[in-house]
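Here is the structure we will look at.
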Amino acid sequence: MMFDMANVIGLIGSGIMVVAYAYSNMATRLNFVLFNLLNLVGSLFLIWSLTVHYNMASMALEIVWAAIALLGLFKSRRTKS
């Protein structure tokens, strides 16, 4: 296993997304901005990693994940206004 920068960034992104998932299951009141921001950052890290070590299925999943997180952020922002 190679520990190049792309793999390290991908592992960090995966970790961030796991933290977001754990948070969503443990929080008594979910902060949707935090939840979606964690998901967005995690997916962007993984997308960057996948530009080096490409996998089409994973890239498609991360692009959709990032899009859903962005929609959630826009919805949260619009609800506060």
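The table below gives the values:
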quantity	calculated
Estimated vicinal HN-Hα couplings, Hz - region 21-38 in sequence order (Karplus 6.51, -1.76, 1.60; Gly, Pro = x)	5, 4, 4, 5, 8, 10, 6, 6, 10, 7, 8, 5, 5, 4, 4, 6, 5, 4
Virtual spin-label span in nm between VAL19 and VAL64, 7 Å along Cα→Cβ	2.6 nm
Calculated on alpha-carbon atoms, Rg and Dmax of the chain in Å	13.6, 48
Carbon and sulfur %, accessible surface of region 41-81 computed with the full protein complex present, 1.4 Å	72 percent
Whole-number accessible area per residue in Å² for the chain, which is evaluated in the context of all protein chains at 1.4 Å	72 Å²
Highest to lowest packing among 35-46, 51-62, scored as the average C-beta count within 10 Å	35-46, 51-62
Degrees between helix 56-80 axis and first principal axis of the chain (Cα, 0 to 90, nearest 10)	20 degrees
Most to least accessible of LYS80, LYS75 (protein chains only, probe 1.4 Å)	LYS80, LYS75
Taking the chain and dividing mean pair separation by its residue count, relative contact order in percent (alpha carbons under 8 Å, at least six apart)	36 percent
Computed label-point distance, nm, for sites ASN31 and LEU11 using a 7 Å Cα→Cβ extension	2.8 nm
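The values are calculated or read from the model by the stated rules, or taken from the named source; none is laboratory data. Please read these numbers as outputs of a predicted model, since none were measured by experiment. Backbone-built Cβ (ideal geometry, glycine too); neighbour counts: all protein chains shown. Protein only, heavy atoms only, side chains kept; ligands, DNA and RNA dropped before computing areas. Shrake-Rupley method; radii C 1.70, N 1.55, O 1.52, S 1.80 Å.
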